[in-house]
Amino acid sequence: MKVGIQLYSVRNHMRDDPIGTIRCVAEAGYRSIEAANHNAGEDPGIGFDIPAGELKKLLDETGARIVGCHIFPNNVEIMKSVVEYFSRLETGYLAVPMGFFKDKADTLRQAEGFNEVGRLCSQAGITLVYHNHFHEFQVFEGKTVFDHIMENTDPALVKIELDTYWAVRGGQDAVKLLERYGGRVVLIHQKDFPGEYRAAINLIDPVNKGGLTVDMDYFTGVVKQETFTEIGAGILPIQDIINMGNAACKADYIILEQDFSKHDELESIKISMERFKKFSGIEWRS
């Protein structure tokens, strides 16, 4: 797998100077870049009103690639312009970054929407992936939301970007999930969890035991900044994840993401890069 970086890791720098930040990220050695656009209804690109032609010029200058992008909101009408934009960049993946689900019926309705968007992407030669957080491992009627999504979307149209950190925080064994879903996993997101907060790692048990509904307010209320550390500095079984990703999956990229850090964002991703170099089975070029 090639190593990439999610620009959400440097979101504050991106807000202030997106062109300069992408240049800094590429110069640091991250040439495979995944963007995050949370305003796709207004901007079909990477979320900072950068025309596709201008971004392509920057990428050509730095030797970087936009290999994927998280898109929100994510529906067929919005995605028409999004797909056109990213086709110009020869981007391979677009992601549903997060969904919230009320019950099984709501999950199935959303799954059908993912099929529709996946079909549109596929027609343009782009792969749609679903990116999980912890709450997709809430159980509705005997199965997790994640399983309901996977069983009710077309495997040819909707692939998986497995976020191993969030899977673990959802009470799952990330390595076994990679093995179970195999070739449907085409991207992996990697964060890390600090050992001193081991007792707080599981976020899904209170949800399942209490029959709670997870929305953005609940999510932001239980996720603490101190439960993130630079990638390779924590307790997640990263080498095992890489090994299984290479052996069982069709994952082109393992994409590093730092949600929070005590360090400056650009310094943080450099620390993660140096720590991540100790692992085998990875490549750094795009």
Original post:
Does residue 178 satisfy the criteria of being buried (at least 24 other Cβ atoms within 10 Å of the Cβ) and of a type in the set (A, V, I, L, M)?
Top reply: yes
Original post:
Any residue at all in the stretch 90-100 that is in contact (Cβ under 8 Å) with a residue 24 or more places away in the chain, in a helix (DSSP H, G or I) and in contact with a helix residue (DSSP H, G or I) (Cβ under 9 Å, 6 or more places away or on another chain)?
Top reply: no
Original post:
If only one of 64, 28, 111, 105 is in contact (Cβ under 8 Å) with a residue 60 or more places away in the chain, out of contact with any strand residue (DSSP E or B) (no Cβ under 6 Å at 6 or more places or on another chain) and aliphatic (A, V, I, L, M), which one is it?
Top reply: 28
Subject >> Of all residues making up the stretch 146-175, the number that are surrounded by fewer than 17 Cβ atoms within 10 Å (Cβ to Cβ) and assigned to a loop (DSSP other than H, G, I, E, B) >> reply: 4
Original post:
Residues in the stretch 3-18: is at least one modelled with pLDDT of 95 or more, touching a strand residue (DSSP E or B) at 6+ places or on another chain (Cβ under 8 Å) and either surrounded by fewer than 20 Cβ atoms within 10 Å (Cβ to Cβ) or part of a loop (DSSP other than H, G, I, E, B) (or both)?
Top reply: yes
Original post:
When the stretch 233-248 is examined, which residues are found to be out of contact with any Gly (no Cβ under 6 Å at 6 or more places or on another chain) and among the hydrophobic types (A, V, I, L, M, F, W, C)?
Top reply: 233, 236, 238, 241, 244, 247
Original post:
Any idea how many residues of the stretch 61-115 are more than 15 Å from the chain's Cα centre (by Cα) and of a type in the set (Gly, Ala, Ser)?
Top reply: 7
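The values are calculated or read from the model by the stated rules, or taken from the named source; none is laboratory data. These numbers were taken from a predicted model, which means no experiment stands behind them. So basically every Cβ, Gly included, is an ideal-geometry build from the backbone, and we count neighbours across all protein chains shown.
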